[in-house]
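To start, the structure under review is shown below, and the notes come after it.
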Amino acid sequence: MASARPLLAQVDDSPLDSEPLNSQSVDLSPEIIEGSPVLQRWLQEVPNVLEEIRNDPSFRTRVRVGYAQVTSSDDGSGVNVGVEDLFIGGTGLTVSGDYFAGSGGFSGGGAQLRYYVLPLGGYFNLAPVVGYRHVEGESYSTSGVELGGRAMLVLSRTGGADLSLGYSVVGIGGDQTVGLGTFAVGYAITPEFRLSTDIRRHDADGDNDTRFGIGLEWMPRF
């Protein structure tokens, strides 16, 4: 601890826009510097910590595979796969996609673009949604543009735990439109994997279905 005090004193006394530290200006051995990526980074450039906290995403990309059951039909079960929130660059724009291969006439899938309008490092965010989707049930089938919105509440950062709520409409302007409501919860069991559950509600003309799913999600590190 004593060897680190000169470094802390220099950081405290230096403005955030000062010149980066260098190995000659700190009283630390080369072995300590070589073993600390954080110190190496600060010696190269003093980071803007507040800006990083605001913009470093509080949730991560998830790759999911699972099982889903349509509660209104004993035959409506199948496999659900998908990718959630694949970030495009350092922006709030993400790509998501999913597919449900079910029995009993139930199937569907699609892709979405989401743009999170609040700082990505926050615990709450909102995103308009635009995409294309196909939805098929026992008595309805439609394909077309998907428009809607999504809200996300992060309970524990970097994928530890979160919940999301979304609603969208598919087939606007076509012969048949279907409203899709989604509520999902995820909880990490390891740094790379987590369990997820979701409830999806399909509101078609004269026909409603509810689908319950459970899955395993992998959170890759890019």
Among the residues of the range 183-222, how many are over 12 Å from ARG62 (Cα atoms) and open to solvent by less than 40 Å² (accessible area, probe 1.4 Å)? 10
Every listed condition ((1) assigned to a loop (DSSP other than H, G, I, E, B); (2) open to solvent by 60 Å² or more (accessible area, probe 1.4 Å); (3) without any contact (Cβ under 8 Å) to a residue 60 or more places away in the chain) holds for VAL130 save (1)
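Residues GLY174, GLY166: which one is part of a loop (DSSP other than H, G, I, E, B), free of Cβ contacts under 8 Å to residues at least 40 places away in the same chain and open to solvent by less than 60 Å² (accessible area, probe 1.4 Å)? It would help to see each step written out before you state the result.
Numbers: GLY166 fails: part of a loop (DSSP other than H, G, I, E, B).
So the residue among GLY174, GLY166 that is part of a loop (DSSP other than H, G, I, E, B), free of Cβ contacts under 8 Å to residues at least 40 places away in the same chain and open to solvent by less than 60 Å² (accessible area, probe 1.4 Å) is GLY174.
Give the number of residues within the range 133-152 that are of a type outside the set (Ser, Thr, Tyr), open to solvent by 20 Å² or more (accessible area, probe 1.4 Å) and in a loop (DSSP other than H, G, I, E, B).
So the count comes out to 1.
The values are calculated or read from the model by the stated rules, or taken from the named source; none is laboratory data. Note that this is a predicted model, so its numbers are computed, not measured. No Cβ is skipped: glycine too gets one built from the backbone with ideal geometry, and neighbour counts run over all protein chains shown. Surface areas here come from the heavy atoms of the whole protein model, side chains and all, with no ligands, DNA or RNA. Shrake-Rupley method; radii C 1.70, N 1.55, O 1.52, S 1.80 Å.
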